[in-house]
1. Quick one: 3J(HN,Hα) in Hz for the range 86-98, Karplus 6.51/-1.76/1.60 with θ = phi - 60°, rounded, Gly and Pro as x.
2. With +1 on each Lys and Arg Cβ and -1 on each Asp and Glu Cβ, how big is the dipole of the range 53-244 about its Cα centre, in debye rounded to the nearest 20?
3. Which value in nm describes the separation of the simple spin-label points at V137 and T76, placed 7 Å from the Cα toward the beta carbon?
4. Using each residue's phi in the range 61-77, evaluate 6.51 cos²θ - 1.76 cosθ + 1.60 at θ = phi - 60° and report the 3J(HN,Hα) Karplus result to the nearest Hz, with x for Gly and Pro.
5. In nm, to one decimal, how far is the R200 label point from the S86 one, both placed 7 Å along Cα→Cβ?
6. Just to verify a number: FRET efficiency for N213 and Y111, C-beta to C-beta distance, R0 = 35 Å, to 0.05?
7. Subtracting the Cα-Cα distance from 0.36 nm times the residue separation, let me have the gained length for T67 to K156 in nm, one decimal.
8. Distance cut-off 26 Å, Cα to Cα: go down the list K92/K122; K123/K161; K94/K182; K122/K182; K94/K165 and report the pairs above it.
Amino acid sequence: MYIRQKKSWELSENKVTPESVYLTRRKLIQQTGLAGFGLIMGSAPISAVPIGGFPPVRNTEYTLDRTLTSEQDATTYTNFYEFGSSKNIWRKAKKLNTDPWIVTIDGLVDYPMQIDAGELTKKLGGMEERLYRHRCVEAWSMAVPWAGFPLSNLVKFASPKIGAKYIRMETFFQPEIAPGQKQSWYPWPYVEGLTINEARNELAFLAVGLMGNPAEPKWCAFKVSCCLGNMGSNLSNHNTVYIYR
């Protein structure tokens, strides 16, 4: 397998011109009518202040041998069954308010708690970016730069008691805004489970953003993007973490 190594002079995808700067520059060009203005300003240094760990630092241990999926496709061709089964479900998912987003950690842990997702990401520390191929059982795949943390960081933070073997992640339940949760074909709320050892594997990753940007409701706030193999489609937001025998 051929793995392309990034050259020292190549920028990471998340270090290109910030969207806010780009839009401001484009507006200025339109207003002044200076078609060549972009070339003049192109060499000007841009300094973006990281907010909440963004932009993340690329972990060069995780690379791909293929072109990255476009941001448009990666953020709009998604599964979010809480809101329906169509692939353009991102429009309906905007109804979900993820700020604030309170995460409950309990079960066989030393320090049960409720904590805001933003504060949790700060405490987990060391946000990084990994290139992972996301492969779905529906016969489609994406190559995406995920931003987040090794899932083992969350396990360590939760401080499981001796004898704890499993992690149970349970999502929100708000059928008043998520019509898919009114359906009887699945016992909502959605639950994802894995063993403590799986969660501690170096490949297990808790993603909170992609393409250098924080997550949006349309494609979920927290998700385990990779854990020892194929996870199928996008996982739902997890706001409860149980650690048990």
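1. Result, rounded to whole Hz: 7, 7, 9, 5, 4, 5, 6, 5, 4, 5, 6, 8, 10.
2. 220
3. 2.8
4. 6, 10, 10, 10, 9, 8, 5, 5, 5, 5, 4, 4, 5, 5, 9, 10, 9
5. Between R200 and S86, the label points sit 4.6 nm apart.
6. The value I calculate is 0.65.
7. 28.6 nm
8. K92/K122; K122/K182; K94/K165
Any read-out appearing in this document is the output of simple, stated calculations on the displayed coordinates, not a laboratory observation. Everything numeric here is computed off the predicted structure, so don't read it as measured data. Note that each Cβ is placed from the backbone with ideal geometry, even for glycine, and that neighbours are counted across all protein chains shown.
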